[in-house]
Amino acid sequence: MSPKLFKLTAIFLLACAGLAPQIPMAQTSGAFINIYSARHYPTDEALYADFTKSTGIKINRVDSDDAGILTRLKAEGQASPADVILLVDAARLWRAEIDGLFLPVKSKLLEEAIPENLRAKRSDNGGIPWFGLSTRARVIVYDKLKLQKSDVDTYEKLADPKLRGKLCIRSGSHPYNLSLFGAMTEHMGPQQTEAWLKGLVNNLARNPVGGDTDQIKGVASGECAVAVTNTYYLARLMRSANADDKALVEKVSVVFPNQSSWGTHLNIAGGAVAKNSKNQENALKFLEYLASTSAQNHFANGNNEWPAAKGVSFENLALKTMSGGGFKNEVLPVSAVGMNQIKVQQMLDRVGFK
Ligand code: FE
């Protein structure tokens with residue numbers, strides 16, 4: 001079958017299956033890539049526009065959540081029009097890799113730019129299945145009128161009976177927590193981690209509800225005294241012009257946990273070339289662009305994430321202020337953290353962490 005006919009057949013089959021991507025046909029002529037993105041950050045628009053401006057390669061984007069993207073890729077199989085996959089969280093990237101949805105790629109540029117612990121392990125064909133492109137820390141926020149910094153300066157202390165009825169945290173099985181708990185399993189071993197998770201459940205101020213911002217709000221409203229959040233949610237509130245957000249930020253303090261042991265847990269957002277990409281060269285060009293200084297600055301300034309690429313300087317006052325200019329982060333391979341998620345989910349079920 002000719003490539004053109006194959007494409008038309010694929011589109012027809014997808015349309016029959018109700019899976020045809022919402023991509024305008026007008027944009028499938030000339031150089032283009034189709035991106036399936038789970039990055040739900042409006043500030044990323046400038047990132048895509050800059051790429052098109054500098055390369056002439058147009059971008060068609062399908063936005064969905066991570067689970068939606070993975071389901072769709074599996075349903076589309078070989079006929080998938082996806083060229084680039086952007087996911088947030090190491091656990092999800094690992095899952096997609098295991099499910100065979102990525103095409104391992106060889107790129108000297110990406111291998112030099114992205115530290116080894118922030119990317120997938122090399123696959124048998126010598127390529128790398130995915131790359132971390134930005135990082136976020138999972139930190140602790142607390143009510144400074146109710147607690148001292150020394151009460152909550154490690155993840156382990158969140159399970160201390162002293163914090164009974166004081167902890168707010170989103171669902172245990174949310175990927176951000178699966179990754180944190182997967183990292184704890186690497187640091188403390190499974191037995192100690194399970195006991196720690198039981199301690200977290202015992203300390204809950206309420207059943208897990210909402211996202212990270214809701215946990216910060218829980219501390220500000222007095223419903224809880226301590227909570228766990230990704231840094232960009234806090235930075236977003238810190239940079240907000242909204243008076244309510246400003247008042248909220250006034251009430252909470254932040255601590256980067258485990259500074260005197262293994263360091264604060266880091267997670268990543270990352271990208272990969274899709275297994276069945278029909279535009280592999282341009283897809284790789286886009287991933288390489290995301291590691292450039294200007295794209296890395298978009299992540300830092302737009303969505304308050306730390307650059308993943310080595311040696312990139314950036315300006316983001318909120319990130320600098322909250323971390324006191326810098327912090328010690330853990331240096332586990334993020335792929336190992338992803339690998340632990342099934343084990344972690346079983347522990348969560350046993351300790352009743354919803
Ligand atoms: Fe998020």
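List of remarks:
- Being surrounded by fewer than 20 Cβ atoms within 10 Å (Cβ to Cβ) and more than 16 Å from the ligand (Cβ to nearest atom) holds for only one residue in Ala272, Ala247, Ala291, and it is Ala247.
- Taking the criterion of being touching a residue at least 60 places away in the same chain (Cβ under 8 Å) and basic (Lys, Arg), the residues of region 302-353 that qualify are Lys310, Lys328, Lys343, Arg350.
- Output for region 205-257, where each listed residue is outside any helix (DSSP H, G or I) and charged (D, E, K, R): Arg206, Glu223
Every residue, every condition in (1) within 27 Å of Ile35 (Cα to Cα); (2) within 16 Å of the ligand (Cβ to nearest atom); (3) not hydrophobic (A, V, I, L, M, F, W, C), yes or no:
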site	(1), (2), (3)
Met188	no, no, no
Leu197	no, no, no
Pro208	no, yes, yes
Tyr232	yes, yes, yes
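- Region 308-317, residues that are surrounded by 18 or more Cβ atoms within 10 Å (Cβ to Cβ) and either at pLDDT below 95 or β-branched (Val, Ile, Thr) (or both): Val312, Asn316
- A Cβ distance below 7 Å, combined with a sequence gap of six or more or placement on separate chains, defines the contacts here; from region 232-244, residues that are over 11 Å from Leu317 (Cα atoms) reach residues that are among the β-branched types (Val, Ile, Thr) and assigned to a helix (DSSP H, G or I) in the pairs Tyr233/Thr213; Tyr233/Ile216; Leu234/Ile216; Leu237/Ile216; Leu237/Val249.
- Yes/no for Val219 being touching a strand residue (DSSP E or B) at 6+ places or on another chain (Cβ under 7 Å) and more than 16 Å from the ligand (Cβ to nearest atom): yes
- Condition check for Phe286: over 15 Å from the mean Cα position of the chain (by Cα) and surrounded by fewer than 21 Cβ atoms within 10 Å (Cβ to Cβ): no
- Extreme residue, surrounded by the fewest Cβ atoms within 10 Å (Cβ to Cβ), among residues of region 201-219 that are in contact (Cβ under 8 Å) with a residue 60 or more places away in the chain and over 21 Å from Ala91 (Cα atoms): Asn207
The values are calculated or read from the model by the stated rules, or taken from the named source; none is laboratory data. Bear in mind the structure is a predicted one, so any value in this text is a computation, not a measurement. Cβ atoms come from the backbone with ideal geometry, glycine included; neighbour counts cover every protein chain shown.
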